[in-house]
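Each remark here refers to the structure printed beneath this line.
The values are calculated or read from the model by the stated rules, or taken from the named source; none is laboratory data. On a predicted model such as this, the values are computed, not experimentally measured, just so you know. No Cβ is skipped: glycine too gets one built from the backbone with ideal geometry, and neighbour counts run over all protein chains shown. Just so you know, the surface numbers come from the protein's heavy atoms only, side chains and all, with ligands and any DNA or RNA stripped out. Shrake-Rupley method; radii C 1.70, N 1.55, O 1.52, S 1.80 Å.
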Amino acid sequence: MVLGVPFTELLWLATAVIVAGVITGLLAGLFGVGGGAVIVPVLYEVFRLLGVPDEVRMQLCIGTSIAIIVPTTLRSYLAHREKGLVIPGIIRIWAAPAVLGVVCGAVIAAFAPSEVFKIAFIILATFIASKFLLGVIAGTSRTICPMRR
């Protein structure tokens, strides 16, 4: 028992999250999109298969995605700073709004029903997909992804 949860359940959850991470990494690399856009639906299905109740499944997916983003962002920041590719003024400008956004998101997540997260994810995913599609169709993919030249 770990924190009142049987070890075998934790082992299954850890295995499922690792498999979801591998699938997410492959799909994100294959399609060139951020991992968050892929991991949320992957985790949603993994947690469904594990029997996580629908009332908390989406919150768990978003929370897990954010928990993965934090160390990834920190590692990326440190690597870019080491190469001199960080603009300190930008970090200072965005630090307070980022923290405020996290606090607001945590408060909303504590009280909002699962449907709010599903709708928000659908809207954001549709918006991002539309930008990619319209950019490619209109021949302006360079404005969306400056590395494509």
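Is there a residue being surrounded by 12 or more Cβ atoms within 10 Å (Cβ to Cβ) and touching a Leu at 6+ places or on another chain (Cβ under 7 Å) anywhere in the range 23-33?
Initially, the range 23-33 is screened for residues surrounded by 12 or more Cβ atoms within 10 Å (Cβ to Cβ), giving 23-25, 27-28, 33.
Then keep just the ones that are touching a Leu at 6+ places or on another chain (Cβ under 7 Å); that gives none.
There is no residue in the range 23-33 that is surrounded by 12 or more Cβ atoms within 10 Å (Cβ to Cβ) and touching a Leu at 6+ places or on another chain (Cβ under 7 Å).
Could you tell me which numbered condition residue 11 fails, if it satisfies all but one of (1) of a type in the set (A, V, I, L, M); (2) open to solvent by 80 Å² or more (accessible area, probe 1.4 Å); (3) under 30 Å from residue 130 (Cβ atoms)?
The failed condition is (3).
Mind listing just one residue for me: the one in the range 1-40 that is over 20 Å from the mean Cα position of the chain (by Cα) and not hydrophobic (A, V, I, L, M, F, W, C) and, of those, modelled with the lowest pLDDT?
Among those residues, the one meeting the criterion is 4.
Give all pairs with beta carbons closer than 8 Å in which a residue from the range 41-64 that is more than 17 Å from residue 107 (Cα to Cα) and at pLDDT 80 or above meets a residue that is surrounded by 14 or more Cβ atoms within 10 Å (Cβ to Cβ) and of a type in the set (Lys, Arg); count only pairs at least 6 apart in sequence or on separate chains.
Qualifying pairs under 8 Å: 44/57; 47/57; 48/57.
Does the range 119-126 contain at least one residue that is more than 15 Å from the chain's Cα centre (by Cα), open to solvent by 50 Å² or more (accessible area, probe 1.4 Å), of a type in the set (A, V, I, L, M, F, W, C) and under 13 Å from residue 58 (Cβ atoms)?
Within the range 119-126 (the criterion being more than 15 Å from the chain's Cα centre (by Cα), open to solvent by 50 Å² or more (accessible area, probe 1.4 Å), of a type in the set (A, V, I, L, M, F, W, C) and under 13 Å from residue 58 (Cβ atoms)), the answer is yes, since at least one residue qualifies.
Mind checking which residues of the range 85-125 are charged (D, E, K, R) and within 24 Å of residue 74 (Cα to Cα)?
Restricting attention to the range 85-125, the residues satisfying the condition of being charged (D, E, K, R) are 92, 115, 118.
Answer for the range 85-125, where residues must be charged (D, E, K, R) and within 24 Å of residue 74 (Cα to Cα): just 92.
Looking only at the range 90-99, decide whether some residue is closer than 26 Å to residue 20 by Cα and either of a type outside the set (Val, Ile, Thr) or touching a residue at least 12 places away in the same chain (Cβ under 8 Å) (or both).
Looking for residues that are closer than 26 Å to residue 20 by Cα and either of a type outside the set (Val, Ile, Thr) or touching a residue at least 12 places away in the same chain (Cβ under 8 Å) (or both), one finds none in the range 90-99, hence no.
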